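Participant: Have a look at this one before I ask anything.
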Amino acid sequence: MATYLKLANNKLFPEENGGIPQSSLVAAGRAILQGLILLGIRFGFEDIFSTRYILSEDFENHFFPTRILYMLCWYLTTMMMYTLAWNFAEAACTITGLSYSGTDEKDQPMWDGCKQVNLITFYTCGTIADTLSSFNNATHLFVKRYVFKRLAFLGNRTLSFYLSVVFVTVWHGLRFGYVWLFLLCEIPALIQEDQMIRVLKNLTGIYSPSSLSPGKRIPLRCLQAIYANVALTYGYSGFAILDVQEFWKVVKSMYAYFHIILFTWWLVYLTMIPGKLKKLPTEKKD
């Protein structure tokens, strides 16, 4: 709101610029081009990877790994509805000057004030946490400022985080699909991912993947990316298919595979691993 008021009162840009810098057109054009590419891919594959087919009996007759692969492609193409919309919205805000966020070290205008998704990070990152933080940036920032930080009186960052996720769930709507995605899939997945990384660091003694050779780092990152996307596909099914009966049909066709993975992991982790783990150096987080 403060940025909008500055723009409306002609106080957002330095006076010597004499208005909206011309580089806004370049930044907006880039966002529009990205949106058009996503639009073409989305509608090109709309009939190939469709929700209608996932709910059909023919889909259930496929080999289980084939169903998972199809669901993964469906998730990635369906999510393009959001990423392309965010790119077009970013372009509109940039043209008007609303996305102006100051200048960089070279004194060049920056136009990421209304950026909602980092496409490269979203489609290439290797962890669930990184994937979730790469899109819907405005909502994440709002929740961080006005929910998470205002729960500081609890004295527990983890509890504040979980309550913030509850807020996001209710904010989306009182539908079971939202509860499924945010509370029953994302939170358990983030907990498990953190535990798996901790175990991996203990077993290998490597605290940063960047210290690995390319021959080891690339396969590890590919495995991480596959696991993260398969997990998010499972959770996203509830978000995209809000009808409870149709949604449960999809979960049954997937044999609730991710929750089976979660429960199996926690059974092993809680009974065998904690006492054998070394204390890791803590990382400071915002």
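The values are calculated or read from the model by the stated rules, or taken from the named source; none is laboratory data. Computed from a predicted model, the values in this text were never measured in an experiment. In this analysis, Cβ positions are derived from the backbone assuming ideal geometry, glycine residues included, and neighbour counts consider all displayed protein chains. When the accessible area is computed, the model is the full protein with side chains, heavy atoms only, and any ligands, DNA or RNA have been set aside. Shrake-Rupley method; radii C 1.70, N 1.55, O 1.52, S 1.80 Å.
Participant: If each DSSP helix of 4+ residues adds -39,500 (n - 2.57) and the sum is divided by the residues in the chain, what number results at 222 nm, nearest 500 deg cm²/dmol?
Facilitator: About -19500 deg cm²/dmol.
Participant: Sorted by accessible area with a 1.4 angstrom probe, largest first, how do Tyr257, Tyr53 fall?
Facilitator: Greatest to least solvent exposure: Tyr53, Tyr257.
Participant: How far is it, in nm, from the label point at Ala85 to the one at Ser101 when both lie 7 Å from their Cα along the line to the Cβ?
Facilitator: The two pseudo-label positions are separated by 2.2 nm.
Participant: Grab the beta carbon distance between Asp243 and Leu200, set R0 = 51 Å, and tell me the FRET efficiency rounded to 0.05.
Facilitator: Between Asp243 and Leu200 the formula returns 0.85.
Participant: Right, here's the next one. Pop the C-beta distance of Val166 and Arg217 into the FRET formula with R0 = 25 Å and round what comes out to the nearest 0.05.
Facilitator: 0.10
Participant: On to the next question. Using a Gaussian network for the chain with springs between C-alpha atoms less than 10 Å apart, which of these wobbles most: Ala91, Ala138, Ala228?
Facilitator: Highest fluctuation among the options: Ala138.
Participant: Going by accessible area, probe 1.4 Å, with all protein chains left in place, what is the ranking of Val179, Val143, largest first?
Facilitator: The most accessible residue leads, giving Val179, Val143.
Participant: When the Cα centres of the stretch 117-193 and the stretch 40-101 are compared, how far apart do they sit, in Å?
Facilitator: 20 Å
Participant: Could I ask something else about it? Note down the net charge around Ile128, summing +1 for each Lys or Arg and -1 for each Asp or Glu among other residues with Cβ under 15 Å from its Cβ.
Facilitator: Numbers: positive: Arg198, Arg221; negative: Asp130, Glu186, Glu193, Asp194.
With Lys, Arg at +1 and Asp, Glu at -1, the neighbours total -2.
Participant: Just the accessible area per residue of the stretch 82-129, please: how many Å² with a 1.4 Å probe?
Facilitator: Value for the stretch 82-129: 47 Å² per residue.
Participant: Between Asn10, Leu84, Gly44, whose Cα lies farthest towards the positive end of the dipole of the stretch 10-161 when Lys and Arg beta carbons carry +1 and Asp and Glu beta carbons carry -1, centred on the Cα centre?
Facilitator: Asn10
Participant: Now a separate question. Using label points projected 7 Å from each Cα along Cα→Cβ, tell me how many nm separate Ile37 and His62, to one decimal.
Facilitator: Each label point lies 7 Å from its Cα, and together they span 2.6 nm.
Participant: Among Tyr100, Leu184, Cys114, which residue has its Cα furthest toward the positive end of the charge dipole of the stretch 97-208, with +1 on Lys/Arg Cβ and -1 on Asp/Glu Cβ?
Facilitator: Working it through, the farthest residue towards the positive pole turns out to be Leu184.
Participant: Please give the solvent-accessible surface of Met79 in Å², to the nearest 10, using a probe radius of 1.4 Å with every protein chain present.
Facilitator: Ignoring ligands and nucleic acids, Met79 comes out at about 10 Å².
Participant: Which net charge results when you count Lys and Arg as +1 and Asp and Glu as -1 among the other residues whose beta-carbon is under 14 Å from that of Leu159? Spell out each step's value before the answer.
Facilitator: Working: positive: Lys149, Arg150, Arg157; negative: none.
Once positives and negatives cancel, what remains is +3.
Participant: Express the carbon and sulfur contribution to the solvent-accessible surface of the stretch 83-172 as a percent, rounded to the nearest whole number, probe 1.4 angstrom.
Facilitator: The value for the stretch 83-172 is 62 percent carbon and sulfur by accessible area.
Participant: Summing +1 for each Lys or Arg and -1 for each Asp or Glu, what net charge is found among the other residues whose Cβ lies under 14 Å from the Cβ of Ile241?
Facilitator: For residues surrounding Ile241, the net value is +2.
Participant: Using the Cα atoms of the stretch 26-144, I'd like the radius of gyration and the largest Cα-Cα distance, Dmax, both in angstrom.
Facilitator: Looking at the stretch 26-144, its Cα Rg and Dmax stand at 17.4, 59 Å.
Participant: So, one more: About its Cα centre, how strong a charge dipole does the chain have in debye, to the nearest 20, once Lys and Arg get +1 and Asp and Glu get -1 at the Cβ?
Facilitator: Charge dipole, the chain, about its Cα centre: 1060 debye, nearest 20.
Participant: Given springs between every Cα pair under 10 Å in a Gaussian network model of the chain, which of Ala152, Ala231, Ala92 has the largest fluctuation?
Facilitator: Checking each option, the largest mean-square fluctuation is seen for Ala152.
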